Amino acid sequence: MTELFRAKYRKDNNAYTVIASPFNDNLNHLLFKFDSGASYTIVSLAALIPTYSKDFSQRDKIAKQLENSHYIKRDLKSASGHNMTGILCHVTKIQIAGYFLDHFWFYLVPDYEHPKALLGVDFIACCKFEAEIKRDIIVTRFSKSHYETSYQFKEKKKLLDIDSIDFSDFIIESKKI
């Protein structure tokens, strides 16, 4: 068995997690919950931004820009029944638990209060893995072709590029995990 990466079992909150490299130097590492209950991979702005100012007008400005944008959007519903809108994003050259991906897609949720990063079924369904009760999940194969085929029909100009958002008004100090 060749291990590509591992989703660590966290006894403290009964969840499986994987860490991802930051999308750029100004943003957080992300601690993704390996969540087969989430249909899509999502990241909230609260999880993405290291720290942000109390200037709510700047937060509202970015939220409105995202809501009124031409980017591909999807209505999403949390496990608790909360409705939200996600904006499809694409990043290149990311590392998930030490495994390198040339392309990674997720839905950005403009939520500033709850840091959330869920690795959903859109990603998990492309993994072959071994799991035992209350032990780490060991991913032994990842089908990049299936993963990339799921998103290849998307028009690149309608995908949000994280580097196009100016987070400088929010970033007070950078923190790394």
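A simple spin-label model places the labels of N24 and K128 3.8 nm from each other, with each point 7 Å out along Cα-to-Cβ. Annotation note: trypsin sites (Lys or Arg not before Pro) in segment 30-131 located in DSSP loop regions with a Cβ neighbour count of at most 16 within 10 Å are K54. Charge dipole of segment 1-46 (Cα centre as origin; +1 on each Lys and Arg Cβ, -1 on each Asp and Glu Cβ, all else neutral): 180 debye, rounded to the nearest 20. In this simple spin-label approximation, E148 and N13 carry label points 7 Å from Cα along the Cα→Cβ vector, and these lie 3.3 nm apart.
Bear in mind these aren't lab numbers, they're just calculated from the coordinates by the rules spelled out. All values reported here derive from a predicted model rather than from experimental measurement. Cβ: placed from backbone, ideal geometry, glycine included. Neighbour counts: every protein chain shown.
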